[in-house]
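The values are calculated or read from the model by the stated rules, or taken from the named source; none is laboratory data. Being a predicted model, the structure only gives us computed values, none of them experimental. Note that each Cβ is placed from the backbone with ideal geometry, even for glycine, and that neighbours are counted across all protein chains shown. In case anyone asks, the SASA skips ligands and DNA or RNA and just uses the protein heavy atoms, side chains included. Shrake-Rupley method; radii C 1.70, N 1.55, O 1.52, S 1.80 Å.
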Amino acid sequence: MPKNSKAISCKNVWKLYGSNPSKYLASKNFNPTIKDLKESQYIPAVFNASIDVYEGEILVIMGLSGSGKSSLVRCMTRLIEPTSGEIYFEGSDLLKATDKELIEIRRHKMGMVFQNFALMPHRNVLDNIAFPLEVQGISREKREKRALEIIDLVGLQGRSKYYPRELSGGQQQRAAIARALAISPEILLFDEPTSSLDPELVDEVLSVIRNLAEQGKTMLVVTHEMEFARKVSNNVIFLHDGLVEEEGHPDTVFTNPQSERCRNFLFNRRE
């Protein structure tokens, strides 16, 4: 696909855990090896990552558990603070944004969907989906109208008055996606949206994401669902120890991966 403007751009992003990691990185001139880090007792959650998510693109991040996928996404939204690097959102340096500016970005421009659904148990589906609009100060009439539109979009018709406990796992995740969509975000970020679901429920959640892809939504998806990555994504990234080991078009990555770890990961998943 033609490259549009960058929605999010990460440049040399690090997230290290250990004693004073910022000072350590500076002392190593921002170029330590994995061996250096282990010898110095630092744990690399994100290792010098540089990635771009373009408008209208579906970027999929894959890798083994503990490879840094969730950490990278959380750095990109500043849910956790990077140790070092640059993160640009719509051309502005996200790491220089004030707390107030970050709140506004999350309220109006970023939709985030996590693996544990995070629905409020005391609110029904309609009120859960409308909640971000309530936070924005939108009137009840307008926010409920918008919520009902999104309920139709994600296939939860007839369940607007249900509470989370009355929904299946797949329905709960669709409600979480609907809540993220309510604000009409510029980008949607999914962190393992199907990992806590039974296999038979995975397809119904992925079908919602596929529909969003067809509408040209910009999305970053952390997932192990290889067929989804192959059929829907425009770009695939494979992480190991927080390091981007493989990046490219899904046809290339899945048929001819250059990284041995990526090959092992893909072949093991296929088995």
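Show that you can apply the helix-only estimate: for the chain, add -39,500 (n - 2.57) for every DSSP H stretch of four or more residues, divide by all residues, and state [θ] at 222 nm to the nearest 500.
-12000 deg cm²/dmol
Excluding residues on the same chain fewer than 8 positions from LYS161, give the lysines whose Cα lies under 20 Å from its Cα.
Answer for LYS161, where 20 Å is the Cα cut-off: LYS142, LYS145, listed by chain and number.
Using modelled amide H (1.01 Å from N, peptide plane; none on Pro or chain starts), what sits under 5 Å from the amide H of SER160, excluding residues fewer than 5 places away?
none
What residue among GLY242, GLY137, GLY216 shows peak mean-square fluctuation when the chain is described by a Gaussian network model with Cα springs under 10 Å?
Comparing GLY242, GLY137, GLY216 in a Gaussian network model of the chain, the most mobile one is GLY137.
Among all the aspartates and glutamates, which ones have a C-alpha under 18 Å from LYS35's C-alpha, if same-chain residues fewer than 8 places away are not counted?
ASP241, GLU245
Leaving ligands, DNA and RNA out of it, report the carbon-plus-sulfur percent of the accessible area of the chain at a 1.4 Å probe.
45 percent
Give me the compactness ratio for segment 142-204, meaning the Cα radius of gyration over 2.2 N^0.38 Å.
Scaled against compact globular proteins, the figure is 1.12.
Quick check for me: using +1 on Lys/Arg Cβ and -1 on Asp/Glu Cβ, what's the dipole size of segment 227-271 about its Cα centre, in debye to the nearest 20?
200 debye
Net charge near GLU214: determine it from the other residues with C-beta under 14 Å of the C-beta of GLU214, scoring Lys and Arg +1 and Asp and Glu -1.
+2
Please give the helix 125-135 orientation as an angle from the longest Cα principal axis of the chain, in degrees from 0 to 90, rounded to the nearest 10.
70 degrees
Taking only Cα atoms, what is the 0 to 90° angle, nearest 10, from helix 199-214's long axis to the longest principal axis of the chain?
90 degrees
Excluding residues fewer than 8 places away in the same chain, name every one of the aspartates and glutamates whose C-alpha is closer than 13 Å to that of LYS96.
Within the straight-line limit of under 13 Å, LYS96 reaches these aspartates and glutamates: GLU81, GLU86.
Normalising by the residue count of the chain, find the relative contact order in percent from Cα pairs under 8 Å and 6+ residues apart.
It comes to 26 percent, rounded to a whole number.
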